[in-house]
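To start, the structure under review is shown below, and the notes come after it.
The values are calculated or read from the model by the stated rules, or taken from the named source; none is laboratory data. In this text the structure is predicted, and so the values were computed from the model without any measurement. Every residue, glycine among them, receives a Cβ derived from its backbone with ideal geometry; neighbour counts consider all protein chains shown. Just so you know, the surface numbers come from the protein's heavy atoms only, side chains and all, with ligands and any DNA or RNA stripped out. Shrake-Rupley method; radii C 1.70, N 1.55, O 1.52, S 1.80 Å.
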Amino acid sequence: MNAREITVTADSVTLIEMRLAILVFCAALGASAQWIDFRTPGVPRTASGKADLSASVPQAGDGKPDLSGIWSTDPGYFMDLAKDLKPEDIGMMPWALALEKEHEANDHEGDPLAHCMPPGVPRIDTSNNGAALHPMKIVQTRSLIVLLYETSANSTFRQIFLDGRPLPKDPQPTWLGYSVGRWEGNTLVVETTGFNGRAWLDTREGHPQTEAARVIERFTRRDFGHMTMEVTIDDPKAYSKTWAAKLPYTLLPDTELIETFCENEKDQAHTPAK
């Protein structure tokens, strides 16, 4: 196992969490520990040798903040992206609210993630699943940023193009959409459209997303080990207003992503019934 441990207990998770956790656990069993004793080059250290997460923001070759690294956020946002907001702050359409309640009443049986489908955006950014699992890795170049993910629905990636190209006008709908980015001062602003409308925004609440959604992520690295990602949801078919959540991220030094995979949700047969 990797240094990032996996713990699943029946009394600490809901049924849907148990389903997802079992998928994660079985997927990760196939991955051996990877360089767990290797110190990541370029990480500032304290006198004791620990990573100094309060050090200054590193700079890329073009003078922009370097967002590179492996990052993890509070898993509470994976369960409820709007956990810091009031219901009136997100303005759900009546049909969307009814669908959310249906997801909850059915123990989230229709969750695409529990059936090995991608988490969607922005849930893929929060896919920690309760135990500091499934971080995302940012690889930054001048014209392209790549986000690598573990997730419980197979390792996957996103590309954020910084070369000035526009978003496609008539895209083939996808789970993760199409992303372009730009810098606004020290903040990377990423706009994503072209969704297939099948993904959920989060897990316990099951906030829906439609094909009309536009997601804007704003990444700001505050110091060496801490970053804020503000995500704005603009989905006029599901919500009467745009709404935003602000997520804190922490750098995970001296570790690496591990291979994860989900094989036709076969492990659900071993999940305890309600």
- request: Over region 68-155, with every protein chain in place, what whole percent of the accessible area is carbon and sulfur at 1.4 Å, could you tell me?
  value: 58 percent
statement: Expected vector for region 42-57, Karplus 3J(HN,Hα) from phi with 6.51, -1.76, 1.60 and θ = phi - 60°, integer Hz, x for Gly and Pro, equals x, 8, x, 10, 7, 4, 7, x, 6, 4, 8, 6, 9, 5, 6, 5
Cross-link table Lys101/Lys246; Lys86/Lys237; Lys64/Lys237; Lys169/Lys246; Lys101/Lys137, entries beyond 31 Å C-alpha to C-alpha: Lys64/Lys237; Lys101/Lys137
message: What percentages make up the Cα-Cα pair-distance distribution of region 194-260 when the bins are 5 Å wide from 0?
response: 4, 14, 18, 19, 16, 15, 9, 4, 0
Fully extended contour minus Cα-Cα distance, from Leu97 to Lys50, at 0.36 nm per residue: 12.3 nm
FRET efficiency for Thr242 and Trp183, using Cβ-Cβ distance with R0 set to 22 Å, rounded to 0.05: 0.50
field: Assigned charges on the beta-carbon of Lys, Arg, Asp, Glu; region 83-175 dipole about Cα centre (debye)
entry: 580 debye
